[in-house]
Amino acid sequence: MSEKLWGGRFSGDANDLFLKLGASINVDIKMANEDIDGSVAHAKMLNHSGIITDDELNQIVSGLSEIKTEFNNGDLEFSYQNEDIHMNVESVLTEKIGPVAGKLHTARSRNDQVALDFHLYLKNRLPDIISLIKKFQDELVNLADQNVETIMPGYTHLQHAQPISYAHYLMAYYEMLQRDVERFEFNQKHTDLSPIGAAALAGTTFPTDPHYTAGLLGFQKPYNNSIDAVSDRDFAIEFLSNASILMMHLSRLCEEICLWSSYEFKYIELSDEFSTGSSIMPQKKNPDMCELIRGKTGVVYGHLTALLATMKSLPLAYNKDLQEDKDGVFDTVENIAPILTLLTEMVATMKVNKDKMLESVQTDFSNATELADYLSAKGLPFRQAHRIAGELVAECINQGCYLQDLSLEKLHNYSELFEADIYEDLKPDVAIQRRRSFGSTGFTEVQKQINNAKLKGDH
């Protein structure tokens, strides 16, 4: 007869290679604390419902407490022979307190137990991830506040478009991250459901109280449907989806940091603390951290795709396929936290080369829109004004000069509407100051964005 905790109907032992392949202890060991906490709450519910005695409860809770301490001290080893974290903990508990340990599994299954552990794992970590995003936002706001009047070229198609405030650029990433915060906060709602009490899929004949267990573990409520409780992984998919969007935002920023720190741009310089050198080229200062984050983004995308593929066409309720639901989530959690921490510190220590940014908009045609707007404001249809501005840019390219270098006489060859005040409008700082529309790059509007972000941070 098999010695497995589920081995009653089996007359022989399972193939060892089959056990090694089927075991998940190497992955779900990361939920050991959650598994023990869930078991303590389940035991208290069994006692509360009159299913086990006070003495049995005390023995079980005491044994589980010892196991938790030993595990966190590194004094406990688990075996693939016991397959997963649940059976490993129960096996050790049985060694400690004897047959009474077998009462712990009354009115539950590994199906609702693993779902509970997974919910607890994410429930415990989502607040930390949200907090780290907010800290990064705070650093972006701080940097923006120092650079409201720092002027840089805004880009479309990676070509100079219009002069903008560097703070305005930074606040664009703040807004992306704010949406990330809101997505993870919503993710908490679906993580904050307790599946324990669903048992295998159909509930239990014992007089259990899932609401009581949920309350002990800090969940908002239990699942309404026991089949859904053990088969739902939407909360994990949501997490990986949110993480993928977050990583996409961080990857975009990192790509631009790589560009802005290059020899061709020199807009910023990273601290030596967050740069590496070359084994052969002595002059190199590489933004490796940013490149690694770009690479990690693809890994997180892969985890999302993998879990979606695992869940596709999966029949209700629990299936062994669901053993593959956790590894990608764990890896993503373990990568996001240090990435956010490092990015926050990297942005806090990088140097902004304000003069280089300003120079780049003084020797380009990013003020061409100002010229078109000038004519349009004097009554010329914008399409005609746009054409004249384009023709003047072509004129400058042929002459090897810029719009502000053209004489008023030359400008009159294209339109008599030009007056001497056009040269003021062509200045980058004036071009920015004149933009007063809501959410624009105007210095006043950018300061409003920063002040509003600071108010949010205070809350």
With (1) outside any loop (DSSP other than H, G, I, E, B); (2) over 25 Å from THR332 (Cα atoms); (3) not hydrophobic (A, V, I, L, M, F, W, C) as the list, and GLN113 as the residue in question, which single condition is left unmet?
(2)
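For region 279-293, indicate whether the set of residues that are under 23 Å from the mean Cα position of the chain (by Cα), closer than 28 Å to ASP234 by Cβ and assigned by TED's automatic domain parsing to the domain that holds LYS351 is non-empty.
Residues of region 279-293 that are under 23 Å from the mean Cα position of the chain (by Cα), as a first pass: 287-293.
Keeping just the survivors that are closer than 28 Å to ASP234 by Cβ gives 293.
Within this subset, residues satisfying the condition of being assigned by TED's automatic domain parsing to the domain that holds LYS351 are 293.
Yes: one or more hits.
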Given the criterion more than 29 Å from ILE268 (Cβ to Cβ) and surrounded by 18 or more Cβ atoms within 10 Å (Cβ to Cβ), identify the matching residue among ALA453, ALA385.
ALA385
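For (1) surrounded by 13 or more Cβ atoms within 10 Å (Cβ to Cβ); (2) within 25 Å of GLN137 (Cα to Cα); (3) in contact with a Gly (Cβ under 9 Å, 6 or more places away or on another chain), each residue gets a yes or a no:
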position	(1), (2), (3)
GLY295	no, yes, no
LYS312	no, no, no
PRO315	no, no, no
ALA337	yes, yes, no
LEU342	yes, yes, no
Cβ pairs under 8 Å, 6+ apart or interchain, first in region 383-407 and in the same structural domain as ASP429 (by TED's automatic domain parsing), second of a type in the set (D, E, K, R) and not in a helix (DSSP H, G or I), ordered by first then second residue, are TYR402/ASP364; GLN404/LYS427
Looking at (1) surrounded by fewer than 20 Cβ atoms within 10 Å (Cβ to Cβ); (2) over 29 Å from ARG125 (Cβ atoms), can you tell me which one ILE227 breaks?
(2)
The residue from LEU316, LEU340, LEU308, LEU304 that alone is touching a residue at least 12 places away in the same chain (Cβ under 8 Å) and under 29 Å from LYS285 (Cα atoms) is LEU340
Complete set of residues in region 68-111 that are at pLDDT below 90 and either among the acidic types (Asp, Glu) or in contact with an Asp or Glu (Cβ under 7 Å, 6 or more places away or on another chain) (or both)
LEU76, GLU77, GLU83, ASP84, ILE85, HIS86
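Looking only at region 198-257, count how many residues are assigned to a helix (DSSP H, G or I) and not hydrophobic (A, V, I, L, M, F, W, C).
Narrowing region 198-257 to residues assigned to a helix (DSSP H, G or I): 210-216, 226-231, 234-257.
From the residues that got through so far, the ones that are not hydrophobic (A, V, I, L, M, F, W, C) too are 210-213, 215, 226, 228, 231, 234, 238, 241-242, 244, 249, 251-252, 255-256.
Total meeting the criteria: 18.
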Can you give me the number of residues within region 266-289 that are at pLDDT 95 or above and not in a strand (DSSP E or B)?
2
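Criterion first (closer than 30 Å to ILE36 by Cβ, of a type in the set (Val, Ile, Thr) and at pLDDT 95 or above) does ILE129 satisfy it?
On the way: closer than 30 Å to ILE36 by Cβ: yes; of a type in the set (Val, Ile, Thr): yes; at pLDDT 95 or above: yes.
It is true that ILE129 is closer than 30 Å to ILE36 by Cβ, of a type in the set (Val, Ile, Thr) and at pLDDT 95 or above.
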Meets criteria (in contact (Cβ under 8 Å) with a residue 60 or more places away in the chain, out of contact with any Cys (no Cβ under 6 Å at 6 or more places or on another chain), buried (at least 16 other Cβ atoms within 10 Å of the Cβ) and within 28 Å of THR363 (Cβ to Cβ)) for ILE151:
yes
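The values are calculated or read from the model by the stated rules, or taken from the named source; none is laboratory data. Note that the structure is predicted; figures quoted are calculated from it, not measured. Counting neighbours? That spans all protein chains shown, and the Cβs are built from the backbone with ideal geometry, glycine included.
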